[in-house]
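Please treat every number below as a calculation from the coordinates, not as lab data. Predicted, not measured: the structure shown is a model, and the values here were computed from it. With ideal geometry, Cβ positions are generated from the backbone for all residues, glycine too; neighbour counts draw on all protein chains shown.
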Amino acid sequence: MGSRVELGFVDGEAAAAPWWRLRSAQFPSKVGGRPAWLGESGLPGPEQLRCGRCGRPCAFLLQLYAPLPGRSDAFHRGLFVFCCRGPACYRPGVQGPLRVFRNQLPRKNDTYSYDPPPETPPPEGTPRVSLQLQCGAHLCRVCGCLGPKTCSKCHKAHYCSKDHQTVDWKLGHKLACLQSAHLDTAIPDHKFLFPEYEIVIEPEEMDAPDDSQADTQKELVKHEELEAAGDANEAFESLDEEVLEAMAKHETREDKIFEKFKNRIAAEPEQILRYCREGEGPIWISGENIPQTKDIPNCSCGAQRIFEFQVMPQLLNHLKVDSLGESIDWGTLVVYTCAKNCNQANGYMEEFIWKQDVIAGCSI
C-alpha cells in the first residue's frame, strides 16, 4: 500500500474465501470472526480491549494487512480494530467504544516462514479454529483475544474476562466441561463475533472532472476567497448563472462536505474502507465533529500521528447488527497511526481512532 488511495471491499458470501485464507499464516485483511493475530508477543490484554464507555469486552471488527515498503522492521504489518457491541455506546459525539492496535514484524521472525505463504489448503484434518498460539499463549473461547483466565474445573477453557466465561458456561460449557478432551472442536456460537469476510483491496480510479465542472469549482473557490476578504459585493458580481446554480445546491459548508463525500464514493458505493497513509487525508461525511490537531494525541514515543485509513458506513450493512431499530452506528471511523511507525518492545501498539457520526437528515 502506498500514497495513492486504495479501497477495501467485502468479498461477498457467494465467492467467500476458504477458511484457511483468513488465518494468520496467510496475512489476511478481513472483517469479523476471530482476529488473525500477526505477532504472538505483546497481544493487547483484556483491559486494553474494554469499551471506554460501558467497560464490557470489545469485539473484533476488522484487520488490515498494511506492510510499509522500505521498512525492514515492518515487512509484515497489521492494524486491528475492535468495537463495543452495545448500541448505547455509539451516541452521537461520543468517543470511546473503539480500539485500534498496530503490530509489525521483520521478514525473518520466530513465527512465520521467510518465504511467502503457500497458496494451497492445509492438510486435511487441520482444525479451523485454534485457541492456542504457537508460543503457547491461550485465547478466549468467545472472542479469540488473549485469555488469561481459565475454567476452575477443567482448567482447559480460557477466557479474556468473567463476562465471556459466564456466556460460555451458559451456552454449553457447563455440560461439556469435564466430558471432552478437545474443547476447541466444540465451540458454540456465542453470537458475539461479527460475520467473517475477506477484504479485497483495489486502487481507487477517479474520473477527471469535465472542463465546466472544473471552471465552476474555480469560481466557487474565488467566491469564497473574496467573501473571506470581506468584499461581498465583488464576490457576488463575479458569479455567473451556472455558478449561482451550483451555490444554490451547496448552500452551506455542511452541504458541501456531505456532497463531496457522496460524489467521491459514488463510483464505488460498496467500499467499506479507504486507505492512504502518505497522501490524501480522510473524506468527512459531515462538517461537524471533525478532529483538530489537538484532538489527535501523539504516539507514546512522542511522534505525531497521521491518517492511515478510514472505515466507511457501508460496512454496517455486512455486520448484521440491526435489532428493533437500535444498532451500533457511525458515519466514518478514521484511524491515525504513529508517523514514525515506532516499534516499542515488538508488541501491539495502541493507536488512535475517531468516530464521526452521520448528521440528521443525510442519507448515504
Going through segment 1-72, which GluC sites (Glu not before Pro) have at most 16 other Cβ atoms within 10 Å and a DSSP loop state? E47
Apply the Karplus curve 6.51 cos²θ - 1.76 cosθ + 1.60, θ = phi - 60°, to the phi angles in segment 143-151 and return the couplings in whole Hz, x for Gly and Pro. 10, x, 8, 3, x, x, 8, 10, 5
E119 versus E205: modelled label distance in nm, points set 7 Å from Cα along the beta carbon direction: 2.2 nm
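Over segment 276-350, what lengths in whole Å, largest first, do the semi-axes of the equivalent ellipsoid take, defined as the square roots of 5 times the eigenvalues of the alpha-carbon gyration tensor? All intermediate terms of the calculation are to be shown ahead of the outcome.
Details: eigenvalues 154, 52, 27 Å².
With the √(5λ) rule applied to segment 276-350, the semi-axes are 28, 16, 12 Å.
Just rank C135, C154, C143, fewest to most, by other beta-carbon atoms within 10 angstrom.
Details: C135 11, C154 15, C143 26.
Fewest to most other Cβ atoms nearby, the residues stand as C135, C154, C143.
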Work out the FRET efficiency for S41 and T252 from their Cβ-Cβ distance, taking R0 = 51 Å, and round it to the nearest 0.05. 0.50
FRET efficiency for R128 and A339, using Cβ-Cβ distance with R0 set to 51 Å, rounded to 0.05: 0.85
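Could you pull out the pairs from K30/K170; K162/K191; K260/K294; K30/K191; K30/K162; K191/K320 whose alpha carbons sit more than 20 Å apart here? All intermediate terms of the calculation are to be shown ahead of the outcome.
Values: K30/K170 29 Å; K162/K191 17 Å; K260/K294 25 Å; K30/K191 18 Å; K30/K162 27 Å; K191/K320 11 Å.
From K30/K170; K162/K191; K260/K294; K30/K191; K30/K162; K191/K320, over 20 Å: K30/K170; K260/K294; K30/K162.
Please grab the % of Cα pairs in segment 20-84 that end up more than 18 Å from each other. Numbers along the way, then the final one.
Details: 868 of 2080 pairs.
So the pairs more than 18 Å apart make up 42 percent of the total in segment 20-84.
What do you get for chymotrypsin sites (Phe, Trp or Tyr not before Pro) in segment 95-203 restricted to DSSP loop and a cutoff of at most 16 other Cβ within 10 Å of the site's Cβ?
Numbers: sites: F101, Y112, Y114, Y159, W169, F192, Y197; in loops: Y112, Y114, F192.
Hits after loop and neighbour filter: Y114.
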Check which residues have an amide H placed less than 5 Å from G52's amide H, if you skip close sequence neighbours. L98
Spelling out what I want: for every residue of segment 58-66, take phi, set θ = phi - 60°, compute 6.51 cos²θ - 1.76 cosθ + 1.60 (Karplus), and round to whole Hz; glycine and proline get x. 7, 9, 5, 9, 6, 9, 10, 7, 9
Which cross-chain or sequence-distant (5 or more) residues have an amide H under 5 Å from the amide H of E278, H modelled 1.01 Å from N in plane? none
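Rounded if a/c is under 1.5, else prolate if a/b is larger than b/c, else oblate: which is segment 130-186, with a ≥ b ≥ c the root eigenvalues of its Cα gyration tensor?
Working: a/c = 1.76, a/b = 1.25, b/c = 1.40.
Oblate shape, in that a/c is at least 1.5 and b/c is the bigger or equal ratio.
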Cα-Cα separations in segment 1-128 greater than 17 Å, expressed as whole percent: 66 percent
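For a footprinting-style exposure proxy, rank D110, D73, D168 by other Cβ within 10 Å, fewest first. Working shown, then result.
On the way: D110 10, D73 15, D168 25.
Placing the least packed residue first, the sequence is D110, D73, D168.
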Provide H164, H155, H76 in ascending order of the number of other Cβ atoms located within 10 Å of each residue's Cβ, fewest first. H155, H76, H164
Between K262 and S3, what is the spin-label point distance in nm, taking each point 7 Å from the Cα along the Cα→C-beta axis? 3.3 nm
What whole-number distance in Å separates the alpha-carbon centres of segment 272-332 and segment 13-69? 17 Å
